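Heads up, the thing below is written out as structure tokens.
The values are calculated or read from the model by the stated rules, or taken from the named source; none is laboratory data. For clarity, every value in this text was computed on a predicted model and none was experimentally measured. Counting neighbours? That spans all protein chains shown, and the Cβs are built from the backbone with ideal geometry, glycine included. These accessible areas exclude ligands, DNA and RNA; they are computed on the full protein's heavy atoms, side chains included. Shrake-Rupley method; radii C 1.70, N 1.55, O 1.52, S 1.80 Å.
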Amino acid sequence: MNRLDRLVDLISRHTPADGTHASAIPGVILHRSSSPTVPMPVVYGPTLCLVAQGTKQASLGTTAYCYDPAHYLVASVELPVMGSVIKASASHPYLCLQLDLDSSELSDLAIRHPPGVKATCLPG
């Protein structure tokens, strides 16, 4: 079983029905949808969305962003979007792990690791 298959299995076990499911880990939310959904307005806060199965589309103005197992979504600020699941079925539901990001932590990281500074790996 590869890593993606393990993620599908993990999210499936913790999302017994369609909808949004809180996890025991603060800031981690799991999503499941067994069918495509209609576009709905939503405000994405700072977040990282990792899709294990299916596809979701978020439209910001006239630009549409699709994310799926090969493409993740990251938002570092609040964004008003129209979101919809566009690929899902009962046998292969849309499954997503959402990790909420802390804006103050992101700011601290940006200050401590400014652009243009190359990270180095230490041996060992």
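Worth pointing out:
- Of all residues in region 66-91, those that are part of a strand (DSSP E or B) and of a type in the set (Ser, Thr, Tyr) total 2.
- So residue 51, is it modelled with pLDDT under 95, within 14 Å of the chain's Cα centre (by Cα) and part of a strand (DSSP E or B): no
- Residues of region 59-110 classified as closer than 19 Å to residue 18 by Cβ, without any contact (Cβ under 8 Å) to a residue 40 or more places away in the chain and open to solvent by less than 60 Å² (accessible area, probe 1.4 Å), total: 2
- Residue in region 6-48 that is surrounded by the most Cβ atoms within 10 Å (Cβ to Cβ), counting only those that are of a type in the set (S, T, N, Q) and closer than 20 Å to residue 73 by Cβ: 33
- Residue that is modelled with the lowest pLDDT [pool: residues in region 74-124 that are basic (Lys, Arg) and out of contact with any strand residue (DSSP E or B) (no Cβ under 8 Å at 6 or more places or on another chain)]: 118
- Members of region 14-32 that are small (Gly, Ala, Ser) and either over 18 Å from residue 84 (Cβ atoms) or touching a Pro at 6+ places or on another chain (Cβ under 6 Å) (or both): 17, 22, 23, 24, 27
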